[in-house]
Structure formats: structure tokens, C-alpha cells
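The values are calculated or read from the model by the stated rules, or taken from the named source; none is laboratory data. These numbers come from a predicted model, not from an experiment. No Cβ is skipped: glycine too gets one built from the backbone with ideal geometry, and neighbour counts run over all protein chains shown. Just the protein is used for accessible areas: all its heavy atoms, side chains included, with ligands, DNA and RNA removed. Shrake-Rupley method; radii C 1.70, N 1.55, O 1.52, S 1.80 Å.
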Amino acid sequence: MTIDQLTEHVYRYGGLTNGAFIVGTDAIAVVDGQICGSNGTAWLKEQLAERFDVPVKYTVLSHDHEMHICGLEVFSDTAVAISHVNAKPHIIREHRRTAIPDITFDTEMQLDLGGVTVALMYLGPTHTDNLIQVHVPADKVLIAVDFVREGKSLAMPELRDLDIDNSIRALGILGRMENVEIVVPGHGGVTDQQSFLYVRDYLVALKERVLEQMVAGKNIEEILEIVTMEDFSDYGWFDQWIRANVITMWEQMYHYREPTEDPGCYECDFPIGFPVGEVDKFNGP
């Protein structure tokens, strides 16, 4: 576990995942927790008490996935938890080990920490139906969890819960947003806005190529042979994740389009709930 000061008000903290906190004259806002079992948020609480004479008044949950929000309940004695409105039912239904949101919002919300304003934004369904972006305009920092990674890289092991079209739109918006010089992703080192455009270019190409082969009547095994995406092979995590990315893009496009000819047998080509071939989504085949 480490803490790195990025700007006057914004700090990155974490171990296997990135969290952040923003310090104002009146309050601290903590964005995301850590992996369950790491005691990372308990450690952070001790560190904040030692370093700052300012209370934690807000915890912000970037989305409902447990590996990024675990342990935020340790701040519940002083802080209110905030998330997108769609995140709360997921957190309750799945028994996420975190703080239950006290406050939810739909499209945007602002927090005044005293001397610094934090803007929370929802750009529609992207990675989950409840992922939000956290912007600190005065410090030119954008906290963008699980939407990009450092530099030129694939963003996700697979695309199962990604809204493809809206993600492409949102990545374009974030890649050109004003007052952003530092981007804090959910994993790995800090990056910049170009990372959003790298991911956008990749998703656009992957969708077009998979659709082209589906229209040509190719099945998933044939598509895996044809759609190699070799021109994107310099992206980080390419070798580990490209197979699962192609498979899950195919699955999304199966539900996206209606063939003109006989649609065939989906269960025969790709049994529901069973991936084609043996694949570990984190490490590849």
C-alpha cells in the first residue's frame, strides 16, 4: 500500500487497485476502497488521521464491483457514501462488502470540500450501468476507474458487461474533456487522456471487424482465426486478453444484430454460459 501526492489536493493510494482521495480545508473525499481482505481502507483511515486534521466526510463508489469498493464502511462514522443511482441495488443484491450508499445521483453531482470542488459525472452505461467519473477541475485530475489503463492498452479482460456503443461515445468525450492533465485508472500507473482514445480506436475496429465476419456467415471459431487484431498487438495486455475480447464482442454483436438469412443455432455455435475453448480471462488460453 502506498500514497502518492499527484497535485495540491489529489492523492492516489492503493496496492493492487487504485483508489484516490481529495483533501480540502473542510473535508476529505475518498474515492473507492481496496480489494477485500487487504485491510487497505482501514490502513488508509489510519494514515489520513495521522496526516490531516480534516475529517473524511464523503466516500465515493466509482461503480458496484467489489474489488474496487471493499471496506469503505470503515469511514461510516464520519462519512456519507455516494454512488450512481444504479449502483445501490447491485450492491445490496450482491451483498458487496462495502458501505451502502447514503446518497445517489443520476447524471451529475458536486462536492465542496472547502477550497476545492469535486465533480461526479455519469455518462450512461459503459463498464457496468453505474460507472461514474470523478473530476477535480482545479487540479486537472480525472479519476476514471476500469475504463482505461496506463498508456496504450486494452482496458478490460473481457467485454461482457460493456455497453459498446455508449462506451465508444463516452471515451471520445473523456479523451477531449477540458481541464484534464492526469488520469487515474483503476489499475496500474497514472496516465493521460490519450489512453481513452486508444481504447476507443480499438473498440471501434473490433466491433466493425467482428460484425463484418458475422454478416459473412462466419462462426465464432472462424472469427477467432480471422479477427486477430494484429495491428493493435502493441497494446498492453493484448496477448492475455484478445481471445476473450473477441469472444465477448461476438456475443454482444449476436444480440445486437438480426441476420437477413437463417440465424442458425446460437446454442450450437456458442453454448450459453460456456466459453469456446479453455480460456482464463486474466491470463489467456
DSSP-defined beta bridges in segment 82-216 - what % are antiparallel, rounded to 5: 65 percent
Helix 164-175 vs. the chain, principal-axis angle (Cα, 0 to 90°, nearest 10): 40 degrees
Cα-based helix-to-principal-axis angle, 40-51 vs the chain, degrees rounded to 10: 30 degrees
DSSP beta bridge pairing in the chain, given as percent antiparallel to the nearest 5: 65 percent
Order by protection proxy (mean Cβ within 10 Å, highest first), peptides 233-244, 155-166: 155-166, 233-244
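So what's the net charge close to Gly24: Lys and Arg +1, Asp and Glu -1, counting the other residues with Cβ under 10 Å from its Cβ? If you can, show how the numbers build up before the last one.
Details: positive: Lys57; negative: Asp26, Asp112.
Residues close to Gly24 contribute a combined charge of -1.
Considering only protein heavy atoms and a probe of 1.4 Å, how much of the accessible area of the chain is carbon and sulfur, as a whole percent?
48 percent
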Rg [Å, one decimal], Dmax [Å, integer] - segment 49-143, C-alpha atoms: 13.3, 38
Mean residue ellipticity (222 nm) of the chain, computed from DSSP H runs ≥ 4 via -39,500 (n - 2.57), nearest 500: -9000 deg cm²/dmol
Accessible area of the chain divided out per residue, in Å², using a probe of 1.4 angstrom: 45 Å²
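By its C-alpha gyration tensor, with a ≥ b ≥ c as the square roots of the eigenvalues, how is segment 1-160 shaped: rounded for a/c under 1.5, else prolate for a/b larger than b/c, else oblate?
Values: a/c = 1.29, a/b = 1.23, b/c = 1.05.
Rounded.
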Answer label for Cα extents along the principal axes in Å (calculated), chosen among (1) 58, 47, 35; (2) 66, 36, 32; (3) 69, 48, 37: (2)
Cα-only Debye scattering, segment 3-71: base-10 log of I(q)/I(0) at q = 0.15 Å⁻¹: -0.42
Environment charge of Ala42, counting only residues whose C-beta is closer than 14 Å and scoring Lys/Arg +1, Asp/Glu -1: -2
Segment 1-160, relative contact order [Cα under 8 Å, separation at least 6], %: 17 percent
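Hey, got the dipole for the chain? About the Cα centre, +1 on K and R Cβ, -1 on D and E Cβ, debye to the nearest 20?
Numbers: 21 positive and 45 negative charges, 117 e Å.
For this selection, approximately 560 debye.
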